[in-house]
Amino acid sequence: MAFLEKKYREFKEEDFPEISDISVEQYQQLRETEKCVLIDLRAQKERDVSIIPGALTPEDFEESTSRFAEHTIVTYCTVGYRSGLHAKKLQERNLPVRNLVGGVIAWALQGQKFQNRNIECHRVHVFNKNWNVLPDEYEAVW
């Protein structure tokens, strides 16, 4: 996890330092007390492998933004770079947004669930074998 957080901090500092972070643990706590919406910023081929349950595509979110007026928006991708850039755009629109540190890799490292077509799975799309730091019970796809 230290490698993942180090990489995340490097690109956050340069490209979206003003965006609030949220860890997997903090997200789990937040959704117990507040309405949240997850937006998956990965490419369709990555989402075809699996998603975090309940996550929306950016397109689905934009089609019904007003539906989420009372929600905290949490963006995610594989490690947090693409989602951080998207969070910056949402923040410029004065939307309450936070970026999931470590993305789906951190989600897997915390033993959280994924789904594919509403069925629980343990497959996760990562960039390549160098980014396969997933626990043994998860299958990395690239």
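Each value in this text was obtained by applying a stated rule to the coordinates, not by laboratory testing. Note that the structure is a prediction, hence the values are computed from the model and not measured. Cβ: placed from backbone, ideal geometry, glycine included. Neighbour counts: every protein chain shown.
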For the range 2-141, what is the charge dipole size about the Cα centre, in debye to the nearest 20, if Lys and Arg each add +1 at the Cβ and Asp and Glu each add -1 at the Cβ? 180
For the chain, build the charge dipole from Cβ charges (+1 Lys, Arg; -1 Asp, Glu) around the Cα centre, then report which of Val104, Ser83, Ala140 sits farthest towards its positive end. Ala140
Fewest to most neighbouring Cβ within 10 Å: what's the order for Ile73, Ile51? Ile73, Ile51
Under the helix-only model (-39500 (n - 2.57) for each DSSP H run of 4 or more, divided by the residues of the chain), the mean residue ellipticity at 222 nm, to 500 deg cm²/dmol, is -10500 deg cm²/dmol
Just the Cα atoms of the range 1-88: what Rg and Dmax do they give in Å? 13.2, 38
Check Leu56: other-chain or 5+ apart residues with amide H under 5 Å from its amide H, H built from backbone geometry? Leu38, Ile39, Asp40
Estimated inter-spin distance, Glu63 and Glu14, nm [label 7 Å along Cα→Cβ]: 3.6
Taking a straight Cα-to-Cα line shorter than 16 Å from Lys88, and setting aside same-chain lysines fewer than 8 residues away, one finds Lys12
Would you please give the FRET efficiency between Glu5 and Lys129, computed as 1/(1 + (r/R0)^6) with r the Cβ-Cβ distance and R0 = 22 Å, to the nearest 0.05? 0.60
Between the alpha-carbon centers of the range 73-142 and the range 1-57, tell me the distance in whole angstrom. 6
